[in-house]
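Trainee: Please read through the structure below; I'll follow up with questions.
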Ligand code: DOR
């Protein structure tokens with residue numbers, strides 16, 4: 001196995017408390033030295049001048065669509081997008097076809113991810129059979145199988161039945177697994193296509209009110225208190241929900257939360273021209289909500305920035321607004337959007353950005369080898385990016401099989417130069433190393 005010397009970068013490592021100029025020597029898949037002017041004879045040099053060397057990013061929330069919608073994304077193309085975006089691990093959502101509600105499907109997703117080898121694909125399992133919200137899925141079996149599922153969710157929809165939600169939490173607590181919720185009350189959002197407010201009225205579109213989110217979040221926090229289960233709130237979008245999470249944490253409950261780059265960067269103003277690429281669930285909300293999310297990420301109330309990478313077929317996104325599916329691809333823009341919209345204006349430090357994009361999600365998922373620290377003996381899961389370099393988002397040039405992004409044409413700062421998974425470059429000098437079969 002080739003040794004690599006990452007030369008001349010700035011090591012920013014939230015877990016290890018480091019922010020310093022240092023070389024990083026990688027040998028046999030692990031970090032063997034971090035320090036100034038390392039020798040590393042025989043090692044291949046990866047130029048890191050002007051770049052940040054950070055722990056590989058970890059996404060808590062990505063839809064890879066396989067099995068079932070391989071026309072939109074596959075585990076191979078999604079892994080390529082992830083590596084290109086600086087990720088070394090991601091949690092694959094279970095709303096596939098068939099649904100990942102049993103050991104056979106999660107093991108298949110896990111094995112395909114390992115076979116592609118560009119990123120560690122960590123499958124999430126569904127809470128209920130078929131995500132129908134009626135009976136518990138094979139939770140224990142999924143947790144015990146080779147895929148070792150730790151996060152369970154019916155993402156795409158909330159679990160409506162509160163008693164079933166309680167029973168699932170009581171079950172999950174036994175193996176310290178995470179109950180993760182898509183917080184939108186099904187009845188309250190039925191027929192809605194965007195945030196309910198002044199803009200939905202102006203556009204003549206039925207809305208999805210913030211109440212749909214924070215009512216389910218409040219219920220789940222109450223059930224987490226009752227059961228002592230770990231609760232993770234997916235893609236938080238409303239100011240009131242941020243406050244609920246803040247209070248739950250102050251109380252000492254085991255509650256974590258994530259926000260997406262699109263909810264942190266955009267408001268429902270992005271829908272003014274009926275752009276279906278900005279149609280997403282939960283919906284983009286108001287400036288007040290966006291500001292509350294940013295404050296929540298900055299003070300740690302929101303633990304993680306997660307993509308909710310949701311590829312959709314072009315012909316489906318190009319249909320009428322009310323018919324178009326909801327979702328935004330995010331794996332290749334998350335880091336740059338975070339740097340451009342949060343770090344550059346001084347709303348979030350670079351250290352904290354990397355904590356939310358890598359260290360915290362790795363901790364939540366219990367991924368020992370990811371999220372740093374960058375220290376001798378640790379697996380070399382690293383990303384190297386130039387924070388000052390800029391690029392323009394051209395959807396057709398993304399590695400994802402789908403192009404549904406509202407950020408087309410945006411100039412973003414932050415270009416991934418190298419990504420290393422267990423010491424092997426998956427991206428080198430800005431190019432994907434293993435061109436996958438697509
Ligand atoms: O907009 C969304 N799209 N939100 C979700 O929760 C699911 C996702 C999808 O699977 O397309």
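Nothing in this text is a laboratory measurement; each read-out follows from the coordinates by a stated rule. Note that the structure is predicted; figures quoted are calculated from it, not measured. Every residue, glycine as well, gets a Cβ built from its backbone with ideal geometry; the counts of neighbours run over all protein chains shown.
Trainee: On the Cα set of the range 367-438, report Rg and Dmax in Å, please.
Mentor: Radius of gyration, then largest Cα-Cα span, for the range 367-438: 14.5, 42 Å.
Trainee: Just the Cα atoms of the range 269-362, one point each, no solvent: what log10 I(q)/I(0) does Debye give at q = 0.13 Å⁻¹?
Mentor: -0.51
Trainee: OK, next. Can you check how the C-alpha radius of gyration of the range 168-252 compares to 2.2 N^0.38 Å, as a plain ratio?
Mentor: Against the empirical 2.2 N^0.38 Å value, I get 1.24 for the range 168-252.
Trainee: What percent of all Cα-Cα pairs in the range 182-306 falls into each 5 Å bin, going from 0 up to the bin containing the maximum distance?
Mentor: Per 5 Å bin, starting at zero, the Cα-Cα P(r) for the range 182-306 comes out as 2, 12, 23, 23, 19, 11, 6, 3, 1, 0 percent.
Trainee: If you rank 153, 405, 307 by fewest surrounding Cβ atoms within 10 Å, what's the result?
Mentor: Fewest-to-most Cβ neighbours within 10 Å comes out as 405, 153, 307.
Trainee: Rounded to a whole number, what is D in µm²/s for the range 25-144 from Stokes-Einstein with the Kirkwood radius over alpha-carbon pairs (25 °C, 0.890 mPa s)?
Mentor: So the translational diffusion coefficient is about 151 µm²/s.
Trainee: Taking all pairs of distinct Cα atoms, average 1/r, flip it, and tell me the Kirkwood hydrodynamic radius of the range 1-51 in Å to one decimal place.
Mentor: It is 11.0 Å.
Trainee: Return an integer: the convex hull volume of the alpha-carbon atoms of the chain, in Å³ per residue.
Mentor: 123 Å³
Trainee: In addition: Please report, in cubic angstrom per residue, the volume enclosed by the convex hull of the alpha-carbon atoms of the range 305-420.
Mentor: 129 Å³
Trainee: Take the Cα gyration tensor of the range 1-95, multiply each eigenvalue by 5, square-root it, and list the three semi-axes largest first, rounded to whole angstrom.
Mentor: Sorted largest first and rounded, they come to 32, 15, 11 Å.
Trainee: Okay, moving on. With N set to the residue count of the range 32-72, report its C-alpha Rg divided by 2.2 N^0.38 Å to two decimal places.
Mentor: The reported ratio for this selection is 2.04.
Trainee: Same structure, new question: Which distance in Å, rounded to a whole number, links the C-alpha centroids of the range 147-170 and the range 38-83?
Mentor: So the two Cα centres are separated by 29 Å.
Trainee: Here's a follow-up. By how many nm would the segment from residue 175 to residue 115 lengthen if fully extended, with 0.36 nm per residue of separation less the alpha-carbon distance?
Mentor: Roughly 18.8 nm would be gained on extension.
Trainee: Using a Debye calculation, one point per C-alpha and no hydration shell, please list log10 I(q)/I(0) for the range 119-186 at q = 0.29 Å⁻¹ in order.
Mentor: Log-scaled intensity ratios, in q order: -1.43.
Trainee: Could you rank the peptides 222-230, 275-283 by their average count of other C-beta atoms within 10 Å per residue, with the highest value first?
Mentor: Going by the mean number of other Cβ atoms within 10 Å, highest first, we get 275-283, 222-230.
Trainee: Per DSSP H run of at least 4 residues, take -39500 (n - 2.57); add these up for the chain, divide by its residues and hand me the 222 nm value, nearest 500 deg cm²/dmol.
Mentor: Theoretical 222 nm ellipticity from helices: -7500 deg cm²/dmol.
Trainee: Sort 1, 136, 142 by Cβ crowding within 10 Å, fewest neighbours at the top.
Mentor: The fewest-first ordering by Cβ neighbours comes to 1, 136, 142.
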